[in-house]
Amino acid sequence: MVELAFSTNAYSEYGLPEAVRRIGDHGYAGVEILGDDPHAYFPTFDGHDERALRDALAETGLSVANVNANTAMGYYDDAPPSAFFEPSVITDDEAARRWRIEYTHRAIDLAEAVGSPAVCLATGRPLAGNPPKRAQETLRASLHEVLDYAEPRGIDVGIEFEPELLVECTDEVLALIDDVGRESLGVNLDVGHAAVYGEDLTETIHRSAGHITGVHVEDIVGGRRGKHYHRIPGEGDLDFRDIFDALDDVGYDGFVTAELYTYPHEPDRAAERAYEELAQYC
């Protein structure tokens, strides 16, 4: 049976320990840690911060489902108010790429420290001057470095695909996993991203069997080919009965994490409503 978790990225108006405590009030078994500002931005996340996080986890009894290292908003003084992936593991600026690899290593360190089974990582976009073929080569080289660090620590790395990124769909992430050929590399499967891309979610889950390091859920208005805006489950058009049945079919027994960063001004309502909707399928 899967267990439910909630991502701290909905609680961007709260510090990380308070976000964990609030999530603990809503029935979840797990929590996903945002590995970015304003929570665990690793260049400034120190031993004091880690102890405060561990105290909050101990108080709530929550397990850590995943450390989400997709974005790097904290890198910038004026980052845009939406997901921003640069510096990424595919950038053609070697110094910036090395920064991102080291940043991912720190996410892996935190995952090991708090007992998370996995971290997730997005590929970033192939920007001007960095065509997809070259970006793919850079991606493979970066991933081998990341996996060399993760594997001795027992941490899986899940690529989270998303429309408009270098790896944006199930076909591409499964091809990447096969090409890299490392058992610790998998997919952090965001069902909303798959839906927006136009995929059949039952087919996506079945094809990803054995490679799923974690699952993100949110609702999407319009279902397949809908707009990429994370809604509270039950307030869009996705069929969560089918999603959970497919996860059961493939024997997935990890965490399903509600990711609702689109509700920063009402995260408690989002967490409560999402749990009420999702718990009926577990």
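Which shape class applies to segment 89-148: rounded if a/c is under 1.5, otherwise prolate when a/b exceeds b/c and oblate if not, where a ≥ b ≥ c are the square roots of the Cα gyration tensor eigenvalues?
Cα axes put segment 89-148 in the prolate bin.
Considering only DSSP beta bridges where both residues belong to the chain, give the percentage that are antiparallel (nearest 5).
5 percent
Per the helix-only calculation at 222 nm, which mean residue ellipticity applies to the chain, given -39500 (n - 2.57) for every DSSP H run of n ≥ 4 and division by its residues, nearest 500 deg cm²/dmol? Could you put the intermediate results ahead of the total?
Numbers: 9 runs with 110 residues, N = 282.
Estimated from H runs of four or more residues: -12000 deg cm²/dmol.
May I ask for the longest run of the chain untouched by GluC sites (Glu not before Pro) that are loop-located per DSSP and have at most 12 neighbouring C-beta atoms (other than their own) within 10 Å? Could the numbers behind the result be given before it?
Working: sites that count: Glu13, Glu164, Glu183.
Here the longest run is 14-163.
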TODO: Specify which residue in the list Ala279, His265, Gly181 is farthest towards the positive end of the charge dipole of the chain, using unit charges on the beta carbon of Lys, Arg (+1) and Asp, Glu (-1), about the Cα centre.
DONE: Gly181
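Among all stretches of the chain without exposed chymotrypsin sites (Phe, Trp or Tyr not before Pro) (DSSP loop, at most 15 other Cβ atoms within 10 Å), which one is longest? The partial results should precede the final answer.
Values: sites that count: Tyr76, Tyr229.
In short, 77-228.
The numbers here are math on the coordinates, done by the rules we state, and not lab data. Not measured: the values here are computed from a predicted model. We place every Cβ from the backbone using ideal geometry, glycine too, and count neighbours over all the protein chains shown.
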